[in-house]
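One structure is given here, and the rest of the page talks about it.
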Amino acid sequence: MDAYRKPDIQTHLADNPQKITTFVEEVLRLESPTQGMDRHTIEDVELNEITIPKGSHIHMRYAAANRDETNSNAQLTLI
């Protein structure tokens with residue numbers, strides 16, 4: 001992601017400083033430095049008809065949720 005290097009985006013943000021916070025939030029949503037989280041189940045869990053046994057190690061990729069095409073708020077482009 002190098003949208004922040006594009007002169008037109010820099011100019012737009014310089015002319016509209018109220019949009020900087022939203023820009024930063026969107027960059028972090030699309031290109032988060034942390035893409036997931038590790039967890040261990042403390043009990044059996046059923047998810048989509050699959051049982052994840054107690055004590056299992058799981059890695060949740062919540063970055064994928066930020067790119068969910070079924071969510072109209074999760075656009076894949078910054079601008």
Review point. Between a first residue in region 26-40 that is surrounded by 13 or more Cβ atoms within 10 Å (Cβ to Cβ) and a second residue that is assigned to a loop (DSSP other than H, G, I, E, B) and at pLDDT 80 or above, which pairs have beta carbons less than 8 Å apart while being 6 or more apart in sequence or on different chains?
Key: GLN35/ARG61; GLY36/ARG61
Study note, to complete from the structure: Counting only residues that are part of a loop (DSSP other than H, G, I, E, B) and at pLDDT below 95, region 32-48 contains a total of 6
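The values are calculated or read from the model by the stated rules, or taken from the named source; none is laboratory data. These numbers were taken from a predicted model, which means no experiment stands behind them. Note that we place each Cβ from the backbone using ideal geometry, even for glycine, and neighbour counts take in every protein chain shown.
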